[in-house]
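Colleague: Attaching a single structure in structure tokens format; questions to follow.
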Amino acid sequence: MRIRDEQKEATLREKAVQMIVRKGFDGLSMQKLAKAANISPATIYIYYKDRDDLILKVWQSEVTRMMQASLRGFDPDMPFAEGLKLQWMNRARFYIENPQTAHFMEQMKYSPYYEQCRGQVDPTFLKAMRDFVHSAIKRKELVKLPLEVYWSIAFAPLYNLVKLHMSGKGMMGQEKFQLDEKIMDQTLKLVLKALKP
């Protein structure tokens, strides 16, 4: 039995994400991945059962990294405005610093794999987010809403700004757009106003 090499596994994940972002899921094969990672195809099977297992585990790894980054410095008992701002800063930083991961996660969301992935989210992250929202509702800092409505108001504006920033172009595709703290604060102020009871 061969020993797992963490560096090789990290390289495999990185190369798999790059290949999926560039060529889609159909562009990923174990043979091509082995060549890109400069290893033998047999080595991949030390880490993954098959191509689907690889894709699902890579997604799990990338989502875990994003969630850990989101929780950096975060406390579910923070005042709502402070906690949401920290979430925005942490998430924006993560996606801007990891554009390949951002694209990969977006592709996963609209793929047949997504249904298999949804139930595999870190319960620590989910609990922190749930406690944060419930505490804010109890303190009357946040209106009670269905989860989908809350998420659409609280986070969708941030993700749209991040996407525009990563494209480098504004809405019309010609003017340059760069997400900075001033734009983020301006948008967050409107979001917080919309979420107040």
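Colleague: Could you list, in sequence order, all residues of the range 165-192 that are closer than 22 Å to A102 by Cβ and either surrounded by 16 or more Cβ atoms within 10 Å (Cβ to Cβ) or not assigned by TED's automatic domain parsing to the domain that holds F74 (or both)?
Modeller: Passing the criteria: H165, F177, L179, M184, T187, L188, V191.
Colleague: Of the residues in the range 24-51, how many are under 22 Å from P112 (Cβ atoms) and either under 20 Å from the mean Cα position of the chain (by Cα) or of a type in the set (A, V, I, L, M, F, W, C) (or both)?
Modeller: Number of matching residues: 6.
Colleague: Condition check: buried (at least 18 other Cβ atoms within 10 Å of the Cβ) and farther than 21 Å from T64 by Cα. Does S135 satisfy that?
Modeller: yes
Colleague: Moving to a separate point now. Please find, among I55, I44, I39, the residue that is part of a helix (DSSP H, G or I), assigned by TED's automatic domain parsing to the domain that holds A16 and among the hydrophobic types (A, V, I, L, M, F, W, C).
Modeller: I44
Colleague: Let me ask something else. So which of M66, M89, M78, M19 ends up being buried (at least 17 other Cβ atoms within 10 Å of the Cβ) and not in a helix (DSSP H, G or I)?
Modeller: The conditions single out M78.
Colleague: Can I ask one more? Here's a check for you: in the range 145-197, which residue that is aliphatic (A, V, I, L, M), outside any helix (DSSP H, G or I) and over 18 Å from the mean Cα position of the chain (by Cα) is modelled with the lowest pLDDT? Even if it seems obvious, please write down each step before you answer.
Modeller: Kept after step one, since they are aliphatic (A, V, I, L, M), are these residues of the range 145-197: 145, 147, 149, 153-154, 156, 158, 161-162, 164, 166, 171-172, 179, 183-184, 188, 190-192, 194-195.
Then keep just the ones that are outside any helix (DSSP H, G or I); that gives 145, 171-172, 179.
Those still in the list that are over 18 Å from the mean Cα position of the chain (by Cα) too: 145, 171-172.
Values: L145: 96, M171: 85, M172: 81.
In this case the residue turns out to be M172.
The values are calculated or read from the model by the stated rules, or taken from the named source; none is laboratory data. Keep in mind the model is a prediction, meaning the values are calculated, not measured. So basically every Cβ, Gly included, is an ideal-geometry build from the backbone, and we count neighbours across all protein chains shown.
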